[in-house]
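Asks: Here it is, the structure, as structure tokens.
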């Protein structure tokens, strides 16, 4: 038998999609670059999600996370006007909007910001 006949015989056992493809990509092992790229991509996706969750959980206390807005007239309430002493990360400032002045209350939780805004009104 000649080499060409041997190649036809080998191709007959292959699935139709692979017949006649000498040295196709499926026959070769993946290159080191390909393995590295896939590993980096598969590691980056969960790593980014984990970083986002941890950053929110362990953010410093001085960073407020939620803001509640309420209609307001006058200056921002001073420390003596608060119903209690401000906690770390809590603040209240006035801001001008197209709908009129509002009081922006910042706190670590959404419920905490809304509650403090109601108490300050």
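The values are calculated or read from the model by the stated rules, or taken from the named source; none is laboratory data. Owing to the predicted nature of the structure, the values given are computational and were not obtained by experimental measurement. When we count neighbours, we look across all protein chains shown, and the Cβ atoms used for this are built from the backbone with ideal geometry, even at glycine.
Asks: With the structure loaded, tell me whether residue 68 is under 30 Å from residue 118 (Cα atoms) and modelled with pLDDT of 90 or more or whether it fails that test.
Replies: Details: under 30 Å from residue 118 (Cα atoms): yes; modelled with pLDDT of 90 or more: yes.
So residue 68 fits the description; yes.
Asks: For region 71-85, how many residues meet the condition of being modelled with pLDDT under 85 and touching a helix residue (DSSP H, G or I) at 6+ places or on another chain (Cβ under 8 Å)?
Replies: The number of residues fulfilling the criteria is 0.
Asks: Tell me which of these residue 17 doesn't satisfy, since it passes every other one: (1) farther than 30 Å from residue 121 by Cβ; (2) at pLDDT 75 or above.
Replies: All conditions are met except number (2).
Asks: Given the criterion out of contact with any helix residue (DSSP H, G or I) (no Cβ under 7 Å at 6 or more places or on another chain) and either closer than 21 Å to residue 108 by Cα or at pLDDT below 75 (or both), identify the matching residue among 51, 39. If you could, list the steps in order and put the result at the bottom.
Replies: On the way: 39 fails: either closer than 21 Å to residue 108 by Cα or at pLDDT below 75 (or both).
The conditions single out 51.
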